[in-house]
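First up is the structure itself, then whatever we jot down about it.
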Amino acid sequence: MMFTRSVAAVPEIVRVTLRQLMGRRRTVLLLLLAAVPILLAVVFWAAGDADVPGFASGVLDAVGVTLLLPIVAVLFGTAAFGAEIEDGTVVYLLAKPISRWAIVVAKLIGAAGMTALLTMASVFVSGAIVLAPLGEDGAAATRAFVAAMAVGSICYVSLFLVLSLFTRRALLIGLVYVLVWEGALSALLPGIANLSVRQYSLGVANAFWQMKPDEARLSPSTALPLAVILVVVALVVATWRLMRFELPGGSD
């Protein structure tokens, strides 16, 4: 009974989460960010001298995976629970007779879905403008980075969603993580690739289009299991954390 009720509640929580995430300011900001790779694609197309490796590395990787993806994910991921915790309305959600894991899964679906939709669309349109006319190699590169956005969205949002349950400064900490760990340190210390969501994303992309070893440091067979482990651990920790908010008379 509890399991059935919890599963049935997921779509409604997802719907509420999407409504919360699509605030006017946040939506405008993220749409502007998502437009950057597309604008760069238009510039490359107008110049008429684009090549597949150059555009994939300079725009889809450097701008899409390195900047757009984590920024969108940190904004959506930390807001999925953050706003409700900050204004205290999370108690109404937790008072419902549904399992905590169902709440976490619904929040992840909502935030990761929005992140994936925005970033995948940006990469797909950029690739369609510049890479599609360059033949199968260009189409393969586009598919690779669309896949990278999908995997990265789930991993990043899982991480930031958990973070938001432990601190009200999740957005700030998330941005520091993106800039310092995923940005500066991952470039200086190749050995931390196993602990880098960016490398998980690029590793999966490598299954669709061969990237340079210094760009994608993990093979698909390594990157995908690590990504799955990250998401599963994040779900378990987030569920445990929500159980710490257990209300009198509530149940999991």
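Observations
- Of all the listed residues (Ala139, Ala112, Ala132), the sole one being among the small types (Gly, Ala, Ser), crowded, with 21+ Cβ neighbours inside 10 Å and either under 23 Å from Val7 (Cβ atoms) or free of Cβ contacts under 8 Å to residues at least 24 places away in the same chain (or both) is Ala112.
- Here Val105 clears all of (1) over 11 Å from the mean Cα position of the chain (by Cα); (2) at pLDDT below 95; (3) open to solvent by 10 Å² or more (accessible area, probe 1.4 Å); (4) aliphatic (A, V, I, L, M) except the condition numbered (2).
- Residue within segment 62-69 that is over 15 Å from Phe160 (Cα atoms), in contact (Cβ under 8 Å) with a residue 24 or more places away in the chain and more than 19 Å from the chain's Cα centre (by Cα) present: no
- Helices (runs of 4 or more DSSP H) contained entirely in segment 1-58, each with at least 2 residues that are under 17 Å from the mean Cα position of the chain (by Cα): 2-21, 24-47
- Residue satisfying all of: in segment 184-213; farther than 22 Å from Pro53 by Cβ and assigned to a helix (DSSP H, G or I); least open to solvent (accessible area, probe 1.4 Å) among these: Val197
- For segment 214-230, the set of residues classified as among the aliphatic types (A, V, I, L, M) and crowded, with 18+ Cβ neighbours inside 10 Å consists of Ala216, Leu218, Ala223, Leu226, Ala227, Leu230, listed by residue number.
- Test: Ala141 is assigned to a helix (DSSP H, G or I) and over 19 Å from the mean Cα position of the chain (by Cα): yes
- Applying the set (1) free of Cβ contacts under 8 Å to residues at least 60 places away in the same chain; (2) open to solvent by 40 Å² or more (accessible area, probe 1.4 Å) to Leu159 leaves exactly one unmet item: (1).
- Checking every residue in segment 1-18 against the condition of being open to solvent by 10 Å² or more (accessible area, probe 1.4 Å), more than 19 Å from Leu242 (Cβ to Cβ) and at pLDDT below 90 gives at least one match.
The values are calculated or read from the model by the stated rules, or taken from the named source; none is laboratory data. Just so you know, these numbers come straight off a predicted model, no measurement behind them. Cβ: placed from backbone, ideal geometry, glycine included. Neighbour counts: every protein chain shown. These area figures cover heavy atoms from the full protein model, side chains too; ligands, DNA and RNA do not enter into them. Shrake-Rupley method; radii C 1.70, N 1.55, O 1.52, S 1.80 Å.
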